[in-house]
Amino acid sequence: MRITSSVAVPLAEVVVRASRSSGPGGQHANVTASRIEVSFDVAASAALSHEQKARVSGRLGPVVRAVAQDARSQQRNRELALERLRDRLAGALHVQRSRRPTRPTKGSKVRRVDAKKRAGQIKRTRRRPGADD
């Protein structure tokens with residue numbers, strides 16, 4: 001199962017469990033184990049490096065789980081659960097790019113000063129007339 005462009009987790013490391021689902025399905029739901037829960041043990045994984053394991057464990061915990069019981073078919077719920085697990089792992093493995101500080105442009109400085117001058121002029125016109133006016 002491909003997580004990112006550089007990380008792939010073998011399906012052998014993912015535990016898939018089926019159980020009875022709640023919700024729609026009528027009489028069929030009472031006899032079908034269509035709810036799927038997938039879990040991935042981060043610490044026992046050979047596919048992740050030490051840094052990746054620390055990042056995922058810190059964000060999601062030592063065991064990552066995903067559940068699907070949306071569809072009536074077990075196969076579709078299995079696909080949904082694996083997709084949700086993939087999304088959670090990809091989000092946890094994402095490294096935030098460091099921010100590069102920028103300076104304000106010359107135009108933005110000029111616009112800021114002009115706005116301040118206009119605001120000051122408006123305030124001056126609101127004053128009570130003085131002795132020299």
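The values are calculated or read from the model by the stated rules, or taken from the named source; none is laboratory data. These numbers were taken from a predicted model, which means no experiment stands behind them. Positions of Cβ are backbone-derived with ideal geometry, glycine not excepted, and every protein chain shown enters the neighbour counts.
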Check: From A90, A54, which residue is among the hydrophobic types (A, V, I, L, M, F, W, C) and more than 17 Å from the chain's Cα centre (by Cα)?
Finding: A54
Margin query: Here is a list: R111, R103. Which entry is on the phi < 0 side of the Ramachandran plot and in a loop (DSSP other than H, G, I, E, B)?
Written below: R103
Next item on the list: Quick one: which residue in R112, R127, R100 is more than 30 Å from K53 (Cβ to Cβ) and surrounded by fewer than 10 Cβ atoms within 10 Å (Cβ to Cβ)?
Entry: R127
Check: Does R124 fit the bill of being assigned to a helix (DSSP H, G or I), charged (D, E, K, R) and modelled with pLDDT under 95?
Finding: yes
